Amino acid sequence: VPVFPWHSLVPFLAPTQSD
Amino acid sequence: SPVALPPFFMRGSIIQLADGELKRVEDLKTEDFIQSAEISSELKIDSSTVERIDSGQSPNAVVIQFSVGELKAQVCVEVLVEYPFFVFGQGWSSCCPDRTTQLFELSCAKLCVGDVCVSLTLRGLR
C-alpha cells in the first residue's frame, strides 16, 4: 500500500521574493 | 477524459504526517497540517485566501488567484475543476465538488472566493 507524505496534499505557493 | 490528478486524493489513500502517524486522506484535519508543519525544518504553513476563480485554458480547468501569507502575494494556479484544496477549519473543497466526489470518492465542499486554504512555503525564505 503506497504511503504519501502530508506535504504532497497542499499546494506549495511561494510568493516571489527579492532579497 | 483522462484525469491527471494525483492518486493521493483518492478516498482511503494513506497519508503520513510529519510525526510518522498514518491517516486516511478523508480523515485529515486542519491541525494535522499545522502540527506537521510545526515539526518540519523546511516547510511552514501559509494562509492563502481565494481572491478570484476564472475559467482556465481547457474546459475542465480553472485559474484560482490566491492572496498568499501576510504579504498577500498574488499567486495564480491553474488546476482541474475537481482539484481539492484544504480550507482552514472546513476541510477538502474544490471548484466542482460533485466531480471530486465522483472521481475520488472524496467528500468536498464548494471552493469559494474568500475561503482560506492551507498552503506551504519554505521556512528559510526571508
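Filtering region B:107-126 to residues that are within 11 Å of chain A (Cβ to nearest Cβ) and among the hydrophobic types (A, V, I, L, M, F, W, C) leaves B:117, B:118, B:120, B:122, B:125.
A quick yes/no check of all residues on (1) free of Cβ contacts under 8 Å to residues at least 24 places away in the same chain; (2) among the β-branched types (Val, Ile, Thr):
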{"site": "B:7", "(1), (2)": "yes, no"}
{"site": "B:14", "(1), (2)": "yes, yes"}
{"site": "B:30", "(1), (2)": "no, yes"}
{"site": "B:52", "(1), (2)": "no, no"}
{"site": "B:55", "(1), (2)": "yes, no"}
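Residue B:50 meets each of the listed conditions (1) at the interface with chain A (Cβ under 10 Å from one of its Cβ atoms); (2) at pLDDT 95 or above; (3) under 14 Å from the mean Cα position of the chain (by Cα) apart from (1). For region B:68-91, filtering for residues that are among the hydrophobic types (A, V, I, L, M, F, W, C), within 14 Å of residue B:48 (Cα to Cα) and either crowded, with 17+ Cβ neighbours inside 10 Å or modelled with pLDDT under 95 (or both) leaves 9. Is it the case that some residue within region B:32-55 is touching a Cys at 6+ places or on another chain (Cβ under 7 Å) and of a type outside the set (Val, Ile, Thr)? Checked against the condition, which is being touching a Cys at 6+ places or on another chain (Cβ under 7 Å) and of a type outside the set (Val, Ile, Thr), region B:32-55 yields at least one hit.
The values are calculated or read from the model by the stated rules, or taken from the named source; none is laboratory data. Being a predicted model, the structure only gives us computed values, none of them experimental. All Cβ positions, glycine included, derive from the backbone under ideal geometry; neighbour counts span all protein chains shown.
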